[in-house]
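The values are calculated or read from the model by the stated rules, or taken from the named source; none is laboratory data. Remember, it's a predicted structure, so these values are computed and weren't measured experimentally. Neighbour counts run over all protein chains shown; Cβ positions are idealised from the backbone, glycine included. For the accessible areas, the whole protein counts, side chains as well, though only heavy atoms, and no ligand, DNA or RNA atoms are used. Shrake-Rupley method; radii C 1.70, N 1.55, O 1.52, S 1.80 Å.
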Amino acid sequence: MDFDFAFALKIVPRVLEGVGNTILVAVLSFFGATLLGFFWEMLRRSHKVVRPVTQFAIDAIRSTPALVQIYFLFFVLPYYGIVLPALFVGVFGLSFYYSGYISEVFKAGIDAIPAGQSEAALSLGLGRFDTVLFVVAPQMLRNIAAPLGSYSIGILKSTPLLAVIAVPEMLGSALDVASDTYRYAEPMFVAGVLFLILALIAALLVAVLERRLGVLSTSH
Amino acid sequence: MSFIEIVLGILQGAGVTAEVTLLGLLYAVPFALVAGVLQHFSTGTSRWTITIVIEFWRSTSVLVLLYAFYYSLPAFGIELSAVSVGAMVLGMNAGAYASQSVRAALQSLDRGQCEAGLALGLDRLTVLRMIELPQALRNMIPTFVNEAIQLIKGTALVSLITLTDMTFRAKQIAQLSYDPVGIYSGLLLCYLIICYPVSLLGRYLDRSAGKAGGRINGF
Amino acid sequence: MAFEFTKSATVVQFNEKANSQPAVTIEDVSKWFGTFQALHNVSLTVAAGERLVICGPSGSGKSTLIRCINQLEEHQEGRIVVNGTELRPGMKGLANVRRDAGMVFQQFNLFPHLSVLDNCTLALRRARKIPRDAANQIAMEKLERVRIAEQANKHPRQLSGGQQQRVAIARALCIMPKIMLFDEPTSALDPEMVKEVLDVMTTLAKDGMTMICVTHEMGFAREVADRVVFMDKGAVIEEAAPQKFFSSPEHVRTQQFLKQLLH
């Protein structure tokens, strides 16, 4: 079977039909993963007994493949009568998988702040909540911006996993074309090129955002 | 099927998982070292070239790359087995990430180290091999371990290009008996057993490399 | 001569307040870090208006002790009473008790993301709920007191170490503390900046502030302290008025320490 460039070009619009879902899934998963990751990290810092349990949970999340976690949610939830649209299951799966990593980003971001900072705040009589909100969090944000940016791209690159549970994102569209036309070479090639372009655009956007943030943080 | 039977059934795929992982490492480690060193030392066009190669392997979705190589390469006359495609794509992807830690580790070395070596009359390559890389190695090992975990987990994807790894076995078992809870918990457990010790090793190395150092903010 | 004046004024104030409750009472306090015992049954009383200097070799527990007074470290045994309130690990209202004591750290610990002024007003606005304008006014007053008011709108990293430490003192003063705790305030400073910080501390002492200073600045101790405490290996070895402490220390370890310091 020869590679048919004309056919490849012709199917680009059909594959691109999935790009909206790809971006939607990536954005939702990024927010989900960030919230959940922050939650894990707060849990890890909360109590002596909770800490090792949370730590194990985070390590377990990071020790199993995203694909398997998504399968698990997709097949096990209906077993308990919970039927959700595949897109939500996928977003939840990706959020869950990346929350393990993002909790580590928060951990590193907080650990990088010298202990003297919270000590100084506490010694001034600020409460724990105010200490976190006004002293720790603003300094943490600066530390986590760059790694969060790279995880956002990581999440975008993981969205094709959702094709396996039939979420109509870009790889899903390509697979549809393939099963309609019985030709795999061109749709997969087109999907590869389009994802490369999409990821490069995303990387560029993140770099621009980071530079903006960097400018903000040094202008003080 | 009992849970034990399920897990044993899944573990029949462990051989393929291990094969793809080990072959993947054969791509990943040399590629990471060579690409990282080249990117550190080269300038101009050659630096651009090596950067583009690294970015190509880093920038695309692994799954899409897997499909594209598996299904599209034959149309260009390149026939590779599923194992070869899986090992190459997963290995080069992990290697591309790891190459960045090689470069960063070399860049963070004190310039005086290299100068002292050159002043002793060693040639540049010897300085790299005997002075710089051994010191940089300590800083790159945590990243290498973490990329190895990514590689092991990534092998689950080869089930989608027909290889009978652990994930593929689980899906086969799922067709025989309807027990999603048992089967997919079993599959998670299998990966956990393999990857968790490596995760702990990575965490330990990370800490001993001093990255997680410092007191914890108590609030 | 100026210091002679300071000291006689001190004695008067000290006598006046001698009948009121002590500012800090420490009774048989012990603390462990894991298996390492950092404090061994330390007892110490600081009267209101008194200036205490704690010195000792590194690892002697002097920083741990002063951090216990602000409960940045929790003690495991014994009693610590600050202005009539006993400090217990995990107690409620700890933030209120902490506001009675201002803490100055070796590493300044200014908040890098806030301006000098905001560093000073944060606790006023958040903990005391004082409106911004009033808080700014209080902060400017304190900044003037440490002679750095003109830098109010700069960020900490734009200041020298000595300036940063003076801001840290102003920040601690803003919470209207009854006691000031200094944890090696000049140890992280370049030699030429030590004096400006000590001058500010001396002025504070002259104004009658109760002070507990962990420091190796023996000149400061000699001139300002009412009492000097020497600690070693987590225990109080000797305490005496500065004149006696420096001229005829009783304990061998104190003598050795002073000898090393003078060389």
Would you mind working out the magnitude of the charge dipole of segment A:5-218 relative to its Cα centre, with +1 at each Lys and Arg C-beta and -1 at each Asp and Glu C-beta, to the nearest 20 Debye? 300 debye
For B:Glu5, project a label point 7 Å along Cα to C-beta. Then give me every residue of segment B:150-178 with its amide nitrogen under 12 Å of that point. B:176-178
Of A:Val190, A:Gln69, A:Gly125, which is farthest along the charge dipole of chain A in the positive direction, counting Lys and Arg as +1 and Asp and Glu as -1 at C-beta? A:Gly125
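Summing -39500 (n - 2.57) over the DSSP H runs of n ≥ 4 in the protein assembly as shown and dividing by its residue number, what mean residue ellipticity at 222 nm do you reach, to the nearest 500 deg cm²/dmol?
Counting only the DSSP helices, I get -20500 deg cm²/dmol.
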By how many nm would the segment from B:Phe56 to B:Thr43 lengthen if fully extended, with 0.36 nm per residue of separation less the alpha-carbon distance? 2.8 nm
Measure out, as a whole number of angstrom, how far apart the alpha-carbon centroids of segment A:92-150 and segment B:18-38 sit. 34 Å
Over segment A:5-218: Rg over Rh, Cα atoms, Kirkwood Rh: 1.07
Under Karplus coefficients 6.51, -1.76 and 1.60, residue-wise ³J(HN,Hα) of segment C:168-173 in Hz, glycine/proline x: 4, 5, 4, 4, 5, 5
For the pair B and A, the solvent-accessible area buried on both sides (1.4 Å probe; DNA, RNA and ligands excluded), in Å² to the nearest hundred, is 4400 Å²
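Roughly speaking, what is the stretch gain from C:Arg79 to C:Arg147, that is 0.36 nm per residue apart minus the C-alpha to C-alpha distance, in nm to one decimal?
Values: separation 68, 0.36 × 68 = 24.48 nm, distance 3.77 nm.
Going from the current span to full extension adds 20.7 nm.
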If you consider only alpha-carbon coordinates, what radius of gyration and Dmax does the protein assembly as shown have, in Å? 32.0, 104
For chain A, built as a Gaussian network whose Cα springs stay under 10 Å, the top-fluctuating residue of A:Gly18, A:Gly90, A:Gly116: A:Gly116
I need the trypsin sites (Lys or Arg not before Pro) found in segment B:93-138, filtered to DSSP loop residues with at most 13 other beta carbons within 10 Å of theirs. none
Positive-end residue, the protein assembly as shown charge dipole about Cα centroid, Cβ charges, pick of C:Val53, B:Phe76, B:Leu192: C:Val53
Given springs between every Cα pair under 10 Å in a Gaussian network model of chain A, which of A:Gln139, A:Gln117, A:Gln55 has the largest fluctuation? A:Gln117
State, to one decimal in nm, how far the label point of C:Arg132 lies from the label point of B:Ala14, with both points 7 Å from Cα in the Cβ direction. 6.3 nm
Let's test the formula: R0 of 51 Å, r as the Cβ-Cβ distance of C:Glu250 and C:Glu86. What FRET efficiency results, to the nearest 0.05? 0.95
Column: log10 I(q)/I(0), Debye, Cα scatterers of segment B:1-121, q = 0.12, 0.14, 0.19, 0.23 Å⁻¹: -0.60, -0.74, -1.05, -1.24
Modelled label-to-label distance, A:Phe3 and B:Leu109, 7 Å Cα→beta-carbon offset: nm? 3.9 nm
Roughly how many nanometres apart are two label points built 7 Å out from the Cα toward the Cβ at B:Leu201 and A:Thr181? 4.5 nm
Of C:Lys62, C:Lys244, C:Lys31, the one that fluctuates the most in a GNM where chain C has Cα springs shorter than 10 Å: C:Lys244
Dipole in debye (nearest 20) - the protein assembly as shown, about Cα centre, beta carbon charges: Lys, Arg +1; Asp, Glu -1: 1040 debye
Looking at chain C, how many pairs of lysines come closer than 17 Å at the Cα, when each pair is eight or more places apart or spans two chains? 14
Checking a compactness column here: for segment B:150-195, what do you get for Rg(Cα) / (2.2 N^0.38 Å), N being the number of residues? 1.12
Please turn the phi angles of segment B:122-139 into ³J(HN,Hα) values with the Karplus equation 6.51 cos²θ - 1.76 cosθ + 1.60 (θ = phi - 60°), one per residue in order, whole Hz, x for glycine and proline. 7, 7, 4, 5, 5, 4, 4, 6, 9, 10, 7, 4, x, 6, 5, 3, 4, 7
FRET efficiency for A:Ile82 and A:Phe56 from the Cβ-Cβ distance with R0 = 30 Å, rounded to 0.05, comes out at 0.75
How long are the three semi-axes of the equivalent ellipsoid for segment B:3-218, computed from the Cα gyration tensor as the root of 5 times each eigenvalue, in whole Å, largest first? 38, 23, 13
Once the convex hull of the C-alpha atoms of chain C is built, how many Å³ does it hold per residue, rounded to a whole number? 139 Å³
0 to 90° range, to nearest 10: angle between helix A:137-158 axis and chain A longest Cα axis: 20 degrees
HN-Hα J in Hz across segment C:212-219 - Karplus 6.51, -1.76, 1.60, θ = phi - 60°, x for Gly and Pro: 10, 10, 8, 7, 9, 7, 5, x
Which listed residue (A:Leu9, A:Phe106, A:Ser29) has the Cα farthest towards the positive end of the charge dipole for segment A:5-218, taking +1 on Lys and Arg C-beta and -1 on Asp and Glu C-beta about the Cα centre? A:Phe106
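Please give the direction-averaged projected area of the C-alpha convex hull for segment A:131-220, in square nanometres with one decimal.
Answer in nm², one decimal: 7.5.
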Given a 1.4 angstrom probe, I'd like the percentage of the accessible area of the protein assembly as shown that is carbon and sulfur, rounded to a whole number. 62 percent
Amide H neighbours of C:Phe182 at under 5 Å, excluding residues fewer than 5 places away on the same chain, with H built from the backbone geometry, are C:Val104, C:Ile212, C:Cys213, C:Val214
Given R₀ = 41 Å, what would the calculated FRET efficiency be for B:Arg124 paired with A:Val193, taking r from the Cβ atoms and rounding to 0.05? 0.55
